[in-house]
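Computed from the coordinates by the stated procedures, all read-outs in this text should not be read as laboratory data. This one's a predicted model, so the numbers in the text were calculated from it and none came from an experiment. Please note: Cβ atoms are built from the backbone with ideal geometry, for glycine as well, and neighbour counts cover all protein chains shown.
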Amino acid sequence: MRTVEPIRWTPEGVVLLDQRRLPGEVIYLTYTDYRDLAQAIKDMVIRGAPAIGVAAAMGVALGVQRSHAKSLEELRLEFATICETLACTRPTAVDLFWAIARFRRRFDELIEEVAPATATGGVSDSAARLDHIRTSLVDEALNLHQERRDADERIGRFGAELLPKSGRVMTQCNAGALATGGIGTALGVIRMAIEGGYRIEVIVPETRPYLQGARLTAWELHQDHIPLTLITDNMVGHFLKTGGVSAVVVGADRIAGNGDTANKIGTYGIAVLARENKVPFYVATPISTLDLSIASGEQIPIEERSQEEVTHLAGVRISPDVRAAHPAFDVTPARFITAIITERGIARAPFEQSLAALAGTGGHA
Ligand code: MRU
């Protein structure tokens, strides 16, 4: 299934579709320095938990590929700085830390592989050893990206089974191709259903203050000719009550061991209103978004973004000069979640058991 590509590894560097400019302009930026790529994650050129993980992976690979280190020791020091720089970009989406942890493990493995420079095995001269690490980390980033694509397709297939053959499905924010680098998680479920012949219309809340719904999800669905209706956030209750919505499907930024789910601000309200109106509420997510090291959602760090994103709209002030708050995410308690759809299957309450069983060693333990 072809969709828009938010991130691509090229010989020239890492190419990102600048999501800040959508839907008005489709502009691709090429990053040749990992520090600029880290800044791009902070500035939301690329966003969405799984895509942030892919960007971090490519950022580490880019930093190592372009490093001027002349010895393994120099490379080791530089690698640590690269990982720390990328880890300081956004705090809530756990895929970022998952990807960096994976690269730290891979780097240690590669150091082990090249360290015994003997004539019988291993890589003998220093430049060849460094080259081996560089190319292997690029391969690791490409593999991780491909795994995201495969995971989305599997999530889509599992999730489609839960949707009605025809009807309206509500989402929140953008959990689509733009947010994962594959076909999307929540939107992947919808895409797979439509490919299977379902007749679905997507209800898209605008998702203030950053407008991922209006700017990104509406654009992405429109590009792919998927029927949608855009609504403002304060219409959610009305639509869940009277709008014939059969299901809500959202993505996730971090899921605690008990199933509590951090996702874009506004998700919690939608989940409560869905329960009130007996509409099933599904979270579609890769295993990498599970954080089994924390027991409940109370331990999830919530990113606080600039007040200006609330007081201004497209650069124009819409409020007097007053204090504003901007938590970028909220936590939906597990009791409002009907099921969590992953690439390894569907988890239902009690989530402590079902998520641990699905995660195996794949989530954050
Ligand atoms: O601030 P953003 O745009 O990075 O937030 C994105 C979301 O909250 C998504 O719903 C989530 O990352 C899941 S994306 C598959």
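Round to the nearest 10 and give me the degree value, 0 to 90, for the angle of helix 126-160's Cα axis relative to the longest principal axis of the chain. Helix 126-160 sits at roughly 20 degrees to that axis.
With an a/c value of 1.5 or above and a/b not larger than b/c for the gyration tensor axes a ≥ b ≥ c computed over the alpha-carbon atoms, the range 156-359 is described as oblate.
Close Lys pairs in the chain (alpha-carbon distance under 26 Å; sequence gap of 8 or more, or different chains): 6. Once the Cα-Cα distance is subtracted from the 0.36 nm per residue extended length, the residue 198 to residue 68 segment shows a gain of 41.5 nm.
Distance between the 7 Å Cα→Cβ label points at residue 36 and residue 352: 5.0 nm. Simple rule: put +1 on each Lys or Arg Cβ and -1 on each Asp or Glu Cβ in the chain, find the dipole, and look at 216, 7, 268; the Cα lying farthest toward the positive end is 268. Once the C-beta distance of residue 25 and residue 312 is scaled by a Förster radius of 30 Å, the resulting FRET efficiency is 0.95 to the nearest 0.05. Farthest toward the positive end of the dipole of the chain, out of 79, 200, 65, is the Cα of 200, where the dipole comes from beta carbon charges about the Cα centre.
Between residue 31 and 14, 15, 16, the built amide H atoms are under 5 Å apart, and every one of these is 5 or more places off in sequence or on another chain. Secondary-structure-derived ellipticity at 222 nm for the chain, considering helices only, amounts to -12500 deg cm²/dmol, per-run term -39500 (n - 2.57) for DSSP H runs with n ≥ 4. Simple point charges give the picture: +1 on the Cβ of Lys and Arg, -1 on the Cβ of Asp and Glu, and for the chain a dipole about the Cα centre of about 1000 debye.
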